[in-house]
Amino acid sequence: MLNKTWAMALHGGAGAVAGRDYAETEHHLERLAADCRTRLEDDAPALDVVELAVRELESCGLYVAGRGSAPNSAGHVELDASIMDGRTREAGAVAALRDFASPVSVARRVMQKTPHVLLAGPGAAAFARREGFTEVADPTNWYRLPVGVTIEDVDGFAHGTVGAVALDTSGALAAATSTGGTFGKLEGRVGDTPLIGPGTWADDDIAISCTGIGEHIIRSGGAAAIAFRFRSGLALGDAVDEMLDEVARLGGDGGIIAVTRSGEIAMHYNSQGMKRASASSSTDPVVRTFEN
């Protein structure tokens, strides 16, 4: 039964650096959020909306995901993504996937076409190739520096991720996340993004996508830890902040977007900034990078 209550949030990563110009990503997030809003108002399924949103965030090259990803220590790009359907708990993910244009769509196909949740490395690439997904034919000219990232950042521990969460008019929740990982990471490194639980989570009550230093998010319990706190009765904002406080205690930083079955939205972070946007059937659109 449709009740016309809907909500959504997007993030372009919690790796924003104070003092840099993110106007281009804010304009992009504003347009993408408006598109998601139209689709949700027209009763599109949450799962379709989060996949579409993350696929666009990957393909535009403005963020540290998909086309905006940087090479690892071995000189090539490895991509991670995941997606989860809250109503069925079905999930799919890929890790260390090399040179495919839309990792999140490959992740959804893993969910739909295999008995597995996660495929990694050459096995993930072989699956994506069999399923006909578009490969990056010329990696040297395909990948680009995302907005707000400099050449100097590529040699450091800069990070970024993209994600989307949505509640549709049928009451279903979904979440999806994608990343190129931390710059200069070791070959084969996998963070929280493709891990169902730490990086992405959706159930009947809440949908969550994480961004930040993946190692610390994993060790803090990540998205599932927030979901468990929320289910136990903690307010949404408090549940999110408790997990982020633990990330900070362990020496990391990060951000969270979450939406609940009632349409409540949280977009919290403990880093310098987080590129983000949200909209719902009961609130005005929000697009921000830093607090204002």
Region 273-284: number of residues that are part of a loop (DSSP other than H, G, I, E, B), more than 18 Å from the chain's Cα centre (by Cα) and modelled with pLDDT of 95 or more: 1
Unmet requirement for SER69, which otherwise passes all of (1) out of contact with any Gly (no Cβ under 8 Å at 6 or more places or on another chain); (2) at pLDDT below 95: (1)
Matching entry among ARG219, ARG276 (being of a type in the set (D, E, K, R) and within 22 Å of ASP168 (Cβ to Cβ)): ARG276
Subset tally (residues that are surrounded by fewer than 23 Cβ atoms within 10 Å (Cβ to Cβ) and in contact with a strand residue (DSSP E or B) (Cβ under 6 Å, 6 or more places away or on another chain)) for region 253-270: 6
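Determine which member of the set LEU57, LEU62, LEU97 is touching a residue at least 24 places away in the same chain (Cβ under 8 Å), over 14 Å from THR193 (Cβ atoms) and not polar (S, T, N, Q).
Details: LEU57 fails: over 14 Å from THR193 (Cβ atoms); LEU97 fails: over 14 Å from THR193 (Cβ atoms).
Exactly one of LEU57, LEU62, LEU97 is touching a residue at least 24 places away in the same chain (Cβ under 8 Å), over 14 Å from THR193 (Cβ atoms) and not polar (S, T, N, Q), namely LEU62.
Among PRO194, PRO139, PRO146, which is the only one that is within 16 Å of the chain's Cα centre (by Cα) and modelled with pLDDT under 95? If you could, list the steps in order and put the result at the bottom.
Working: PRO194 fails: modelled with pLDDT under 95; PRO139 fails: within 16 Å of the chain's Cα centre (by Cα).
From the options PRO194, PRO139, PRO146, the qualifying one is PRO146.
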Test for ALA172: is it at pLDDT 95 or above, in contact with a strand residue (DSSP E or B) (Cβ under 8 Å, 6 or more places away or on another chain) and surrounded by fewer than 21 Cβ atoms within 10 Å (Cβ to Cβ): yes
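What residue, among those in region 175-195 that are surrounded by 24 or more Cβ atoms within 10 Å (Cβ to Cβ) and of a type outside the set (Gly, Ala, Ser), is nearest to ASP48 (Cα to Cα)? Walk me through it before giving the result.
Taking region 175-195 and keeping what is surrounded by 24 or more Cβ atoms within 10 Å (Cβ to Cβ), we get 175-181, 191-195.
Still in the list and also of a type outside the set (Gly, Ala, Ser): 177, 179, 192-195.
Working: THR177: 13, THR179: 19, ASP192: 22, THR193: 19, PRO194: 18, LEU195: 20 Å.
Filtering first and then ranking leaves THR177.
Please go through region 197-207 and pick out each residue that is out of contact with any Leu (no Cβ under 6 Å at 6 or more places or on another chain) and either of a type in the set (A, V, I, L, M) or at pLDDT below 95 (or both). Full working, then the answer.
Filtering region 197-207 down to residues out of contact with any Leu (no Cβ under 6 Å at 6 or more places or on another chain) leaves 197-201, 203-206.
Within region 197-207, ILE206 is the sole residue that qualifies.
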Among (1) surrounded by fewer than 20 Cβ atoms within 10 Å (Cβ to Cβ); (2) polar (S, T, N, Q); (3) touching a residue at least 24 places away in the same chain (Cβ under 8 Å), the one test that SER232 misses: (3)
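The values are calculated or read from the model by the stated rules, or taken from the named source; none is laboratory data. Only a predicted model underlies this, so the values are computations on that prediction, with no experimental measurement involved. In this analysis, Cβ positions are derived from the backbone assuming ideal geometry, glycine residues included, and neighbour counts consider all displayed protein chains.
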